[in-house]
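Structure first, commentary second.
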Amino acid sequence: MPVQTTAYPTGTIGFLAFPDQFHFLKTELINRFNFSEKKILNAERYNDLIIFLPEQLPEKIRQDNFIHIIPYWARAVLTELFTAKFESISEAASLLKQIRRNWTPYTTTLFRRTALIQEKLPYINFSPRRFPTPIPKDTTGIYSLLDNTHLIAAPETTAVFPSGILEFQEDHENPPSRAYLKLQEALTYTRMFFNRMPEPGNRCFDAGACPGGWTWVLSRLGCSVFAVDRAELSPELMTHPSVTFTKHDAFTLSPEELGAFDWIFSDVICYPERLLDWIKRWNKSGLCKNIVCTIKMQGNINWNLIEQFATIPYSKVLHLNYNKHELTWLHCEPE
């Protein structure tokens, strides 16, 4: 007997939130995309995955190709969703392979059964990656077991990394803070979206550098780092030959007095308005074409302000796996 499948209506969309951050996704859907509380409450939900039928979507979203408008707190957007009833692990794997090659699971239950299905699918590397990591050439479908004989799946998604999560091998000995993981992830995306990342010999400005997680990443890439903060870096970085440290408020140093940089970085805790003003001053100066900044949220998110970051030419705003209540702004101008 063939596997029984049931397709969702055309135009159905699923959003898969970052782990344990569904409340941020919900807030974004309400305040940025005009979803109602009632429609979110009535939507089909499986932990961090929420599915909206066409009639549950706001009018603007029904008119757009929403797979290209990814909510920041969604690690993946899912389309062409369907459910399937199967009798065996082999049946489930065979069905998925007939639809497309690459699949990754979103697992909330039945972990062993999911693993057995995944073993019968083409190989996907789920291990934490070394930095820098190769960029996959294609997205993956996402599936999830609902019970022993039913699954839900989406062959078309925005997930490039397994289930939309990019995870790195952690170094528990050398970096002065875990913030280095955030920059490694951000630079993976500058390569993905702009085909660019810092190279040996590049001159980099790390604003608000203490204790030095981002400076540590850049120095290991062979860059010359000008690090600025009101507190010193870790002792190892303070004596590093490619690191120059200045004790100062980084945002009060003008582009004209510092000169040109290949890259500018900021993980400073500050109001987004102040960060945007600082970015605009550097863009106006023409002294740096590549900038990576963390947008730290202060209470409720001002979505109009975030849109100002996103609409700066040659820019991309996204939420990283290693971000908390914050977003990351990437900016790479053509050479």
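The values are calculated or read from the model by the stated rules, or taken from the named source; none is laboratory data. Nothing here was measured: the structure is a model prediction, and the numbers come from that model. Ideal geometry is used to build each Cβ from the backbone, glycine not excepted, and the neighbour counts take in all protein chains shown. Side chains are part of the model used for accessible areas, which takes the heavy atoms of the whole protein and leaves out ligands, DNA and RNA. Shrake-Rupley method; radii C 1.70, N 1.55, O 1.52, S 1.80 Å.
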Problem set entry | Nearest-20 debye value, the chain charge dipole, Cβ charges on Lys, Arg, Asp, Glu | 460 debye
Exercise. When Lys and Arg each count +1 and Asp and Glu each count -1, what net charge do the other residues less than 12 Å away from Leu95, Cβ to Cβ, add up to?
Worked result: +2
Problem set entry | Computed lengthening from His23 to Leu318, 0.36 nm per intervening residue step minus Cα-Cα distance | 104.5 nm
For this session: Over segment 4-154, with every protein chain in place, what whole percent of the accessible area is carbon and sulfur at 1.4 Å, could you tell me?
Result: 51 percent
Exercise. How about Lys38: which aspartates and glutamates have a C-alpha closer than 18 Å to its C-alpha, ignoring those fewer than 8 places off in the same chain?
Worked result: Glu28, Asp48, Glu55, Glu59
Exercise. Taking +1 at the Cβ of each Lys and Arg and -1 at the Cβ of each Asp and Glu, which of His248, Thr190, Ser163 sits farthest along the dipole of segment 113-267 towards its positive end, judged by Cα position relative to the Cα centre?
Worked result: Ser163
For this session: Of the DSSP beta bridges with both residues in the chain, give the percent that are antiparallel, rounding to the nearest 5.
Result: 65 percent
Exercise. Can you give the charge dipole size of segment 38-131 about its Cα centre, rounded to the nearest 20 debye, using +1 on the beta carbon of Lys and Arg and -1 on the beta carbon of Asp and Glu?
Worked result: 320 debye
Seminar exercise, completed: Whole-percent carbon and sulfur contribution to the accessible surface of segment 217-264 (1.4 Å, no ligands, DNA or RNA) stands at 50 percent
Exercise. Counting Lys and Arg as +1 and Asp and Glu as -1, what is the net charge of the other residues whose Cβ lies under 10 Å from the Cβ of Val217?
Worked result: +1
Problem set entry | Amide H within-cut-off set for Phe18, under 5 Å, with H built and near neighbours excluded | Arg75
Seminar exercise, completed: With all protein chains in place and a 1.4 Å probe, Met238 shows an accessible area in Å² (nearest 10) of 60 Å²
Problem set entry | Positive minus negative residues near Asn283 (Lys, Arg vs Asp, Glu; Cβ under 10 Å) | +3
For this session: List the lysines whose Cα lies under 21 Å from the Cα of Lys324, skipping any in the same chain that are fewer than 8 positions away.
Result: Lys26, Lys182, Lys296, Lys316
Exercise. For segment 1-158, with the dipole built from +1 on Lys and Arg beta-carbon atoms and -1 on Asp and Glu ones, taken about the Cα centre, which of Leu151, Leu25, Thr133 lies farthest toward the positive end?
Worked result: Thr133
Exercise. Using alpha carbons only, how many degrees (0 to 90, rounded to 10) separate the axis of helix 22-33 from the longest principal axis of the chain?
Worked result: 80 degrees
Exercise. Accessible area per residue, 1.4 Å probe, Å², for segment 191-335: what's the number?
Worked result: 46 Å²
